[in-house]
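Here's the structure, in structure tokens; my notes come after.
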Amino acid sequence: MPDCLNTRLLAQLAGAGAGTMQIIGHRGYLYIGELIAGGTQIVDARDPAHPRRVGRLDGYPGSYSPKVQVGDDRLLVNYEARREAATFVGLGLWDITHPEQPTSIAKIESSGKGIHRMWYTGGTRAYVSPVPGGFSSGSS
């Protein structure tokens, strides 16, 4: 690994998120959105030199979950459609009071390709942008 200014490799965890896109830390745990496998990895990083995988939230057939957000012991996970038909697209809300054992609070189904972007830092509102059915940005 090349040297980076004011940065040094402390540890690494092979396979921690197949095609990782977004990593959010909360109370010493990392929630890792997967671009390829379609789930969310849970890593205990309270000892940063020795991280360990402690769980995984599975995705849904035909979707992937590259984005995660955390606030107030709540985890938001997006579910976006791949090219094939997805069994579920939308948003998952999880209670992470016990970080290694998330409990599902709600699923919010959306149309089209699902939830693409989101922002949540706690409180009663999350900001999400779905990609509705029939929408085209003009790019492939």
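The values are calculated or read from the model by the stated rules, or taken from the named source; none is laboratory data. All figures in this text were calculated on a predicted structure; none of them were measured in a lab. Cβ: placed from backbone, ideal geometry, glycine included. Neighbour counts: every protein chain shown.
Observations on the structure shown:
- The set of residues in region 89-119 that are part of a loop (DSSP other than H, G, I, E, B), modelled with pLDDT under 95 and surrounded by 15 or more Cβ atoms within 10 Å (Cβ to Cβ) comprises 89, 110, 112, 113.
- Pick from region 50-66, criterion in contact (Cβ under 8 Å) with a residue 24 or more places away in the chain and not in a strand (DSSP E or B), ranking: farthest from residue 36 (Cα to Cα): 50
- Filtered residues of region 17-59 (kept if surrounded by fewer than 16 Cβ atoms within 10 Å (Cβ to Cβ), modelled with pLDDT under 90 and out of contact with any Asp or Glu (no Cβ under 9 Å at 6 or more places or on another chain)): 36
- Residue in region 111-120 that is over 19 Å from residue 21 (Cβ atoms) and in contact with a Phe, Trp or Tyr (Cβ under 8 Å, 6 or more places away or on another chain) present: yes
- Applying the set (1) within 24 Å of residue 132 (Cα to Cα); (2) not in a strand (DSSP E or B) to residue 11 leaves exactly one unmet item: (1).
- Only listed residue being out of contact with any helix residue (DSSP H, G or I) (no Cβ under 9 Å at 6 or more places or on another chain), more than 23 Å from residue 26 (Cβ to Cβ) and of a type in the set (D, E, K, R), chosen from 83, 125: 83
- Scanning region 67-80 for residues that are part of a strand (DSSP E or B) and surrounded by fewer than 20 Cβ atoms within 10 Å (Cβ to Cβ) yields 71, 74.
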